[in-house]
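One structure is given here, and the rest of the page talks about it.
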Amino acid sequence: MARNIIYYGPPGTGKTYLLRSLMNDYIDYEMDDAVLKRAFVAESKGWILIALVLLQNHGKMPSADVQRKIDGLSLGLAVNAAAELDLHSIAAPPVAGAVRKLPRVFFTTGPDTWYVDLVRVQQARPDFFAKFLRAATVTKRYDFVTFHQSYSYEDFMEGIRPEYEAAAKSIDYSPKDGVFKRLCGEAEKHPEKEYAIFIDEINRGNVSEIFGELISLLEPDKRAGEAGALSAVLPYSKTEFSVPANVNVYGTMNTADRSIDQIDIALRRRFQFRPMLPDAGVIEKELGLQGVDAHNVDGIDLIRLFNTLNARIELLLDAQHLLGHALFTGCKSAADIARTVRSAVVPLLEEYFFDDVQKIQLVFNDLDPAGDLRPDAVYRHAELAAEDYFPYTGDYMIDDKKHYFVSENITNASLEQIYL
């Protein structure tokens, strides 16, 4: 049955990353064995060959089938598929002392059925597609859109958008299909395959206006071919329309966004809402894949730092504005952590606490028990005394203020004091 799912959570919890991963399920790679052979000749790396074999077979395959496929290529050089899959597996080694090797791109969700994570492949080899898949036929069975305040029903479903026709030297005012209607048209032609629309920041658009009659037609049991199938006559083309049962709808929603209240009850009833919450375990896992101990990043316990920051934010604000783990998954040194704090964490906190920025000092533990600024404070302040700048104020009562700013030198001591 069709899936309507919205993933929601604070910024940086990997919602858009998840969409990118899901997109891989809606891509067909048609390549002959010559593509695999050329790739192995260009670079005799087992993980690249296996990744291509999996893509040739729709992204998943038992290891024994991978081995048979490789053996049938007659490469002249033995490749142990099971060993390569295990060596480059995302999972932790099952036996103490066992090794893993970068890149870590393969995973299994069941007994010996292996998958390739294309997002990780692209991160490891940005030239992967250009170098190894140039001769392949790539067919996408999805579309990706980002909702915003100007996005409309005409963009999504259909509408009148004037187009100049050079041959006739006239303007065409006929109704044009929107992105979702075009996707549904393709899905109708291939009922044996699944299609998907990915909507990032779904709550930033006027959802009721954009979806229109789709609010009713999207329900899985109201899709074409289902027992309770519904259709509607579209307002511009005056054609009857129903949503195919092989079209899935995925969306993301940022809970820190003030436009979250635009998701109305009618839409909530028609979607599954799945939370994506900050998870320190993801930081630990991702850094572990890169050979970094998240509890000792140049002496900094990044896990304690992350959990402490979020606990204070929740106490001072709420759980909808926590820091996402994705902010820290690339921090392989104390300098990386300091840069992330300065360039990503502080701007977020300044947005969250825009009306009371002193709370940012509480988040970073920058004040001692007496309320004085610590020497290694992350978020500092300078006193602005009115009398220092105005020798005469007349009838005006100008209060002294504090000028807040992020430290130019965030040291290990600055980071440690956050959680100690």
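The values are calculated or read from the model by the stated rules, or taken from the named source; none is laboratory data. Values in this document were obtained by computation on a predicted structure and should not be read as measured data. In this analysis, Cβ positions are derived from the backbone assuming ideal geometry, glycine residues included, and neighbour counts consider all displayed protein chains.
Residues in the stretch 296-328 that are under 18 Å from residue 9 (Cα atoms), touching a residue at least 24 places away in the same chain (Cβ under 8 Å) and not in a helix (DSSP H, G or I): 317, 322, 323, 324, 328.
Here residue 193 meets the list (1) out of contact with any helix residue (DSSP H, G or I) (no Cβ under 7 Å at 6 or more places or on another chain); (2) of a type in the set (Lys, Arg); (3) closer than 17 Å to residue 23 by Cβ; (4) surrounded by 15 or more Cβ atoms within 10 Å (Cβ to Cβ) almost entirely, failing just condition (4). Answer yes or no as to whether residue 337 is within 24 Å of residue 120 (Cα to Cα) and in contact with a strand residue (DSSP E or B) (Cβ under 7 Å, 6 or more places away or on another chain). Taking the combined requirement at face value, the residue satisfies it. In the set 178, 159, 97, only one residue is free of Cβ contacts under 8 Å to residues at least 40 places away in the same chain, in contact with a Gly (Cβ under 8 Å, 6 or more places away or on another chain) and not hydrophobic (A, V, I, L, M, F, W, C); that residue is 178. Hey, any hits in the stretch 176-196 for a residue that's in a strand (DSSP E or B) and closer than 30 Å to residue 13 by Cβ? Within the stretch 176-196 (the criterion being in a strand (DSSP E or B) and closer than 30 Å to residue 13 by Cβ), the answer is yes, since at least one residue qualifies.
Being surrounded by 11 or more Cβ atoms within 10 Å (Cβ to Cβ), assigned to a loop (DSSP other than H, G, I, E, B) and out of contact with any helix residue (DSSP H, G or I) (no Cβ under 9 Å at 6 or more places or on another chain) is a property that residue 167 lacks.
Checking each residue in the stretch 237-255 for being more than 18 Å from residue 22 (Cβ to Cβ) and buried (at least 16 other Cβ atoms within 10 Å of the Cβ) picks out 237, 241, 242, 243, 244, 245, 255.
Yes or no, residue by residue, for (1) of a type in the set (Ser, Thr, Tyr); (2) in contact with a helix residue (DSSP H, G or I) (Cβ under 9 Å, 6 or more places away or on another chain):
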{"residue": "329", "(1), (2)": "yes, yes"}
{"residue": "337", "(1), (2)": "no, yes"}
{"residue": "348", "(1), (2)": "no, yes"}
{"residue": "363", "(1), (2)": "no, yes"}
{"residue": "374", "(1), (2)": "no, yes"}
{"residue": "395", "(1), (2)": "no, no"}
{"residue": "403", "(1), (2)": "no, no"}
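Filtering the stretch 383-420 to residues that are assigned to a loop (DSSP other than H, G, I, E, B) and of a type in the set (Asp, Glu) leaves 395, 399, 400, 408. Screening residue 326 with (1) farther than 30 Å from residue 101 by Cβ; (2) crowded, with 19+ Cβ neighbours inside 10 Å gives one miss only, at (1). Of all residues in the stretch 381-420, those being within 17 Å of residue 309 (Cα to Cα), surrounded by 15 or more Cβ atoms within 10 Å (Cβ to Cβ) and not polar (S, T, N, Q) number 6. Out of everything in the stretch 215-254 that is part of a loop (DSSP other than H, G, I, E, B) and among the polar types (S, T, N, Q), what residue ends up being farthest from residue 187 (Cα to Cα)? Among those that are part of a loop (DSSP other than H, G, I, E, B) and among the polar types (S, T, N, Q), it is 237. Of all residues assigned to the stretch 152-166, at least one qualifies as being modelled with pLDDT of 90 or more, in contact with a Leu (Cβ under 8 Å, 6 or more places away or on another chain), charged (D, E, K, R) and over 25 Å from residue 291 (Cβ atoms).
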